[in-house]
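**Student:** Once you've had a glance at the structure underneath, I'll fire off some questions.
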Amino acid sequence: MRLPIHVKFTPLVAAALIAVGLALTGCKIEKIDDTAASGDRASENVPGASGVKTSSDGKLRIAYVTNGIASFWDIAEEGCKAAAKDFDVECLVRMPPDGTADQKRMLEELISDQVDGVAVSPIDPANQTGILNDVAAATNLITQDSDAPESNRLAYIGMNNYDAGRMCGKLVKEAMPDGGEVMLFVGRLGQLNADQRRQGIIDELLDRSNDPDRSFDPADGVLKGDKYTILDTRTDNFDFAIAKSRAEDAIVKHPSIGCMIGLFAYNPPNILEAVRGADKVGKIQVVGFDEDPDTLKAIQDGSCYGTIVQNPYQYGYKSVELLTKLARGDESALPDGGFLNIPARSIRKDNVDEFWAELKKLTGEEETDATAQ
């Protein structure tokens, strides 16, 4: 634009012209002021073709949100800490104690705090799409441990939970090869990882074909196969006292029950307490998921047959690594197909010692044990 000769170019005119120019070009300037957490810094989110947002200046802050409080998540937190150190970022670990409402509150706070990335294990993905997409609109969002495929998350880090369920079903077959009655115990259903694990176990015990897309069997009926009968799936909403009482009640009401299966980390230890209290060790087989110390000890002494373990340490580490790379503009870090598979493992008495030694080394417990001796 050419200025007429008679216009006096004053500071006021200059300011007006700059304002008009910004309006015409659609330029957006954002300043993130978070001196309490990481000092004054400016950051500009620039969505790429994949929706990835980058950040500049200042120390990145990555958030890791669990689906509850359990020993499993303590291990994941150690992975977060290691990655935060390796990639020179700050990691904020949030563990909601009171379910979906608490998790939603934490996610809303992270949006307000303008963090540079969020990794979350959605508690109820089907009913959390709104808040998850709010997070995805504000920053880079990935899921870990449990997926929310209908959301705008960029990637999922975890295992194939259906396959892990079938692996668990195979452990049950090993533990009671002649068949019998079994019951499943889990924090809640409606959470995708729980639903998929449960379905994998059911399909394996009923000798069905391998079909990860099969509709979930209802939880309120008995499921009978040629050798195995699945009596029920009992939930406890992450309440450890309820988890134990559910197991105790099952033993009383079903005296012929042959195997009790815990789908979340705290379930096998609570099942084991109930089995010991009923003096049924050896008579009732226990199979589970995850690497709670009480579960591993029980595998060592033979009171638990086996467990399917994930790798929560890597869930934490890889989540921080991926979100850091995305925030720094490296979209090539996104896994093919949006899924970073960290395979599950079957742990029995013959490999529990080796596995536990590896776990202690990763989490630093090995050094603590040596110091205590």
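**Student:** Could you grab the pairs with beta carbons closer than 6 Å, sequence gap of 6+ or different chains, first residue in the range 98-124 and of a type in the set (Asp, Glu), second one surrounded by fewer than 21 Cβ atoms within 10 Å (Cβ to Cβ)?
**Tutor:** So the pair list comes out as 124/100; 124/190.
**Student:** I would also like to ask the following. Quick one: residue 317 ticks every box in (1) outside the structural domain of residue 78 (by TED's automatic domain parsing); (2) modelled with pLDDT of 95 or more bar one, so which box is it?
**Tutor:** (1)
**Student:** Still on this structure: Within the range 182-203, can you find the residues that are of a type in the set (D, E, K, R) and at pLDDT below 95? Can you show your working first?
**Tutor:** From the range 182-203, those of a type in the set (D, E, K, R) are 188, 195, 197-198, 203; that's our starting set.
Correct list: 188 only.
**Student:** Please work out which one of (1) touching a residue at least 12 places away in the same chain (Cβ under 8 Å); (2) over 15 Å from residue 192 (Cβ atoms) is the condition residue 130 fails and give its number.
**Tutor:** If we test residue 130 against (1) touching a residue at least 12 places away in the same chain (Cβ under 8 Å); (2) over 15 Å from residue 192 (Cβ atoms), just (1) comes out false.
**Student:** Here are the criteria: (1) exposed (fewer than 15 other Cβ atoms within 10 Å of the Cβ); (2) in contact with a Ser or Thr (Cβ under 6 Å, 6 or more places away or on another chain); (3) not charged (D, E, K, R). Tell me which single one residue 351 does not satisfy.
**Tutor:** Exception for residue 351: condition (2).
**Student:** Where the second residue is assigned to a helix (DSSP H, G or I) and not hydrophobic (A, V, I, L, M, F, W, C) and the first is closer than 11 Å to residue 62 by Cβ and lies in the range 301-329, which pairs have Cβ atoms under 7 Å and are six or more apart or on separate chains?
**Tutor:** From the range 301-329, the pairs are 316/77; 316/78; 316/79.
**Student:** Provide a single number: the residues in the range 270-300 that are under 20 Å from residue 365 (Cα atoms) and surrounded by 23 or more Cβ atoms within 10 Å (Cβ to Cβ).
**Tutor:** The qualifying residues number 6.
**Student:** Residues to consider are 138, 164, 126, 119; find the one that is within 21 Å of residue 287 (Cβ to Cβ) and among the aliphatic types (A, V, I, L, M). Spell out how you get there, then give the answer.
**Tutor:** Working: 138 fails: within 21 Å of residue 287 (Cβ to Cβ); 126 fails: within 21 Å of residue 287 (Cβ to Cβ); 119 fails: within 21 Å of residue 287 (Cβ to Cβ).
Answer to the selection: 164.
Here is a yes/no grid of residues against (1) touching a Gly at 6+ places or on another chain (Cβ under 7 Å); (2) modelled with pLDDT of 95 or more; (3) surrounded by fewer than 20 Cβ atoms within 10 Å (Cβ to Cβ):
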{"position": "41", "(1), (2), (3)": "yes, no, yes"}
{"position": "44", "(1), (2), (3)": "no, no, yes"}
{"position": "69", "(1), (2), (3)": "no, no, yes"}
{"position": "87", "(1), (2), (3)": "no, yes, yes"}
{"position": "96", "(1), (2), (3)": "yes, yes, no"}
{"position": "102", "(1), (2), (3)": "no, yes, yes"}
{"position": "105", "(1), (2), (3)": "no, yes, yes"}
{"position": "117", "(1), (2), (3)": "no, yes, no"}
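**Student:** Would you list the strands (runs of 3 or more DSSP E) that sit entirely within the range 53-131 and hold 3 or more residues that are under 20 Å from residue 329 (Cα atoms)? Step through it out loud before you land on a result.
**Tutor:** Details: elements: 61-65, 90-94, 118-120.
Because the criterion is at least 3 residues that are under 20 Å from residue 329 (Cα atoms), the strands (runs of 3 or more DSSP E) in the range 53-131 that meet it are 61-65.
**Student:** Only one of (1) surrounded by 24 or more Cβ atoms within 10 Å (Cβ to Cβ); (2) in contact with a Lys or Arg (Cβ under 7 Å, 6 or more places away or on another chain); (3) over 16 Å from residue 347 (Cα atoms) is not met by residue 263, so which one is it?
**Tutor:** Of the numbered conditions (1) surrounded by 24 or more Cβ atoms within 10 Å (Cβ to Cβ); (2) in contact with a Lys or Arg (Cβ under 7 Å, 6 or more places away or on another chain); (3) over 16 Å from residue 347 (Cα atoms), the odd one out for residue 263 is (3).
**Student:** Please specify each residue of the range 193-239 satisfying the condition of being aliphatic (A, V, I, L, M) and either surrounded by fewer than 22 Cβ atoms within 10 Å (Cβ to Cβ) or over 23 Å from the mean Cα position of the chain (by Cα) (or both). I'd like the intermediate steps shown before the answer.
**Tutor:** Quick first cut of the range 193-239, residues aliphatic (A, V, I, L, M) only: 194, 201-202, 205-206, 219, 222-223, 230-231.
Matches in the range 193-239: 205, 206, 219, 222, 223, 230, 231.
**Student:** Here is a list: 172, 182. Which entry is part of a strand (DSSP E or B), touching a residue at least 24 places away in the same chain (Cβ under 8 Å) and farther than 29 Å from residue 331 by Cα? I'd like the intermediate steps shown before the answer.
**Tutor:** Working: 172 fails: part of a strand (DSSP E or B).
So the residue among 172, 182 that is part of a strand (DSSP E or B), touching a residue at least 24 places away in the same chain (Cβ under 8 Å) and farther than 29 Å from residue 331 by Cα is 182.
**Student:** List pairs: first residue in the range 231-243 and farther than 16 Å from residue 260 by Cα, second residue among the basic types (Lys, Arg) and not in a strand (DSSP E or B) anywhere in the structure, Cβ distance under 7 angstrom, at least six positions apart or on different chains.
**Tutor:** Qualifying pairs under 7 Å: 237/188.
The values are calculated or read from the model by the stated rules, or taken from the named source; none is laboratory data. This structure is a prediction, so every number in the text was calculated from the model and none was measured. Every residue, glycine among them, receives a Cβ derived from its backbone with ideal geometry; neighbour counts consider all protein chains shown.
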